[in-house]
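Presented below is the structure to which this report refers.
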Amino acid sequence: MNKTYKARIENVIRYIEANLDARLTLTDIAEISHFSPYHFHRIFSGIMGETLNDFMSRRRLERAVNQLIFKPDLPITQIALASGFSSSANFSKAVKLHFGYSPSELRNPDKVQDSKIGKLFSKYGKEFQPSDLYPSRITTDVMNQTELKDTTMKIEVRDLERKSVCTLASPKGYEPDGIYAAWDKLITWADNHGIKPQDQQRFALAFDNPTVTPLDKCRYTASIVVDEGVTVNPPFELAEIPNGKYAVLYYKGPVEETINAQLSIYSDWLPDSGFEPDNYPLMERYLNDAREDGYVEMEIFVKLKEI
């Protein structure tokens, strides 16, 4: 992919994410990209694999559903208006059309009787059940296997200093082959720049919730801590992990169960913590190589701010 095109589209994504509650026009967004409005739509669709309108609609709904689940005290109408919808009725219709379930059904999956097939499956091929959003619904066997009851009790609030990192995005979202391809390239880059594999501090930024976002649409960035002033050339990028307070959960277990550990921070710990998530993606620090060991050992970080 042309590096200039990729950088311009990434600027557009950041702009949209910061303004999901606003009325964004094609002209406004095309101006951010520095592409002509006549061609921007085709360029965006070609690179992202979905139209601009589909992307913005999906991201608004995904953010809104995360708020429905993790902020149960917020009225549905308030979430609807904050997500850019003109009314709760329009919001409910859009949620039902996309997910196959209404907002009230997502908040009360025990009352779900039936549902229509939403766009999430018909357009993206993603199976979706409201119960998947709630880690408390994990079966006893899975809980015992992954020891999540113990890990959720090991959350600590930690002050983290700012870190410079060299990053590389997964080309296929959360798809395992995309993630491993990004890590292989980044680990090799670090080794070639004097950071031996055993000395590498490896962090990943996980921007999306895979229970509501198709895996290939989830954004995942591999990162390795580097010294200040290091030179980084494309396709790698220089970024930083901001300083601040983070909730940190130690997890060791099957890779496929990490989502349950992540969600437990939001559903079980945050409500009574005195904090809320800051505007920064969930972060993972890897302590082993899952491909060699057959399990993952890591720390899960959620950046915090006081309520």
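Just need a number here: residues in region 250-268 that are more than 15 Å from the chain's Cα centre (by Cα) and under 23 Å from residue 292 (Cβ atoms).
Within region 250-268, residues that are more than 15 Å from the chain's Cα centre (by Cα) and under 23 Å from residue 292 (Cβ atoms) number 8.
Only one of these conditions is not met by residue 63: (1) of a type outside the set (Ser, Thr, Tyr); (2) touching a residue at least 40 places away in the same chain (Cβ under 8 Å); (3) part of a helix (DSSP H, G or I); (4) not assigned by TED's automatic domain parsing to the domain that holds residue 122. Which number is it?
Of (1) of a type outside the set (Ser, Thr, Tyr); (2) touching a residue at least 40 places away in the same chain (Cβ under 8 Å); (3) part of a helix (DSSP H, G or I); (4) not assigned by TED's automatic domain parsing to the domain that holds residue 122, only one is false for residue 63: (4).
What do you reckon, is residue 20 modelled with pLDDT under 90 and part of a loop (DSSP other than H, G, I, E, B)?
It is true that residue 20 is modelled with pLDDT under 90 and part of a loop (DSSP other than H, G, I, E, B).
Can you name every residue in region 123-143 that is among the polar types (S, T, N, Q) and at pLDDT 50 or above?
Selection gives 129, 131, 136.
Can you tell me which residue among 215, 205, 238 is in contact (Cβ under 8 Å) with a residue 40 or more places away in the chain, of a type in the set (A, V, I, L, M) and crowded, with 20+ Cβ neighbours inside 10 Å? Break it down stepwise before answering.
On the way: 215 fails: crowded, with 20+ Cβ neighbours inside 10 Å; 238 fails: crowded, with 20+ Cβ neighbours inside 10 Å.
From the options 215, 205, 238, the qualifying one is 205.
Six or more apart or on different chains, Cβ atoms under 6 Å: show the pairs whose first residue is in region 7-25 and among the hydroxyl-bearing types (Ser, Thr, Tyr) and whose second is loosely packed, with under 15 Cβ neighbours inside 10 Å.
none
In region 180-238, how many are of a type in the set (A, V, I, L, M, F, W, C) and closer than 23 Å to residue 265 by Cα? It would help to see each step written out before you state the result.
Filtering region 180-238 for residues of a type in the set (A, V, I, L, M, F, W, C) gives 181-183, 186-187, 189-190, 195, 203-207, 212, 215, 218, 222, 224-226, 230, 232, 236, 238.
Filter once more, keeping what is closer than 23 Å to residue 265 by Cα: 203-207, 212, 215, 218, 222.
Number satisfying all stated conditions: 9.
Within region 268-302, which residues are in contact with a Pro (Cβ under 7 Å, 6 or more places away or on another chain) and within 21 Å of residue 162 (Cβ to Cβ)?
Matches in region 268-302: 280, 302.
The values are calculated or read from the model by the stated rules, or taken from the named source; none is laboratory data. Note that the coordinates shown come from a computational prediction; the quantities given were computed from them, not determined experimentally. Methodologically, a virtual Cβ is constructed for each residue, glycine included, from the backbone with ideal geometry; neighbour enumeration extends over all protein chains shown.
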